[in-house]
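Here's the structure we're looking at; comments come further down.
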Amino acid sequence: MCILRIGRVLAFVPLMALAACATPPSHINNVCAVFDQRDGWFDNWSQVANGVQRKYGVPVHVLMATIRQESGFKGDAKPPVKWVFGIIPWGRVSSADGFSQALDGTWKQYQRETGNFMASRGSFADAADFIGWYYAKSSQRFGIPLTDTYHLYLTYYLGPNAYERGDWRSNSAAQTYARRTADRADTYAAQLQGCS
């Protein structure tokens, strides 16, 4: 009897591995298409995004534009590898990982503060909840409206201390990424009006 149960569990493991490697959506510039493209292994992304909006007040279009900018909706996204002398791989440029590209330290803070110790950066639901949590904290600390994608993203990209120092004012790359994310959020907001 026990051997039979173990066999069932072991048969399930490859299926879980396939779930972790599921293909990201191919039409990532249309939020309605992103919601429609999920397959049976993914969370219902639309329900997750709406749940984050209810929990933290972060609008769906702001959340989804952030994930689009950070990972292109790839649950296994990682930053590029650093190279020594152009030929020796030497780790990655940062510890960012998953849908949200959350750094190790910030992810651990999220787990501690929310009690969600089993959260995974490769889970859409956990990554979305992380971004909602992060933006709610940024909004509270800096008085940024949860609809202000540009400034919320600057806190996300640079971190709260660098944002508070105003480092973004002299960081053209951060401004470009924040503008791109804000523009995408506006596009997504318009598209959401027509989603079924």
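Quick notes on this one:
- In region 103-189, the ratio of gyration radius to Kirkwood radius, Rg to Rh, stands at 0.98 when only Cα atoms are counted.
- Rolling a 1.4 angstrom probe over region 126-174 with all protein chains present gives an accessible area of which 46% lies on carbon and sulfur atoms.
- Cut-off under 5 Å, modelled amide H: who pairs with ASP97 long-range: ALA102
- Rolling a 1.4 Å probe across the protein heavy atoms gives region 66-196 an accessible surface of 53 Å² per residue.
- Relative packing of 94-103, 164-173, 47-56, which averages over residues the other C-beta atoms within 10 Å, highest first: 94-103, 47-56, 164-173
The values are calculated or read from the model by the stated rules, or taken from the named source; none is laboratory data. Note that this is a predicted model, so its numbers are computed, not measured. So basically every Cβ, Gly included, is an ideal-geometry build from the backbone, and we count neighbours across all protein chains shown. The area values use the complete protein model at the heavy-atom level, side chains included, leaving out ligands, DNA and RNA. Shrake-Rupley method; radii C 1.70, N 1.55, O 1.52, S 1.80 Å.
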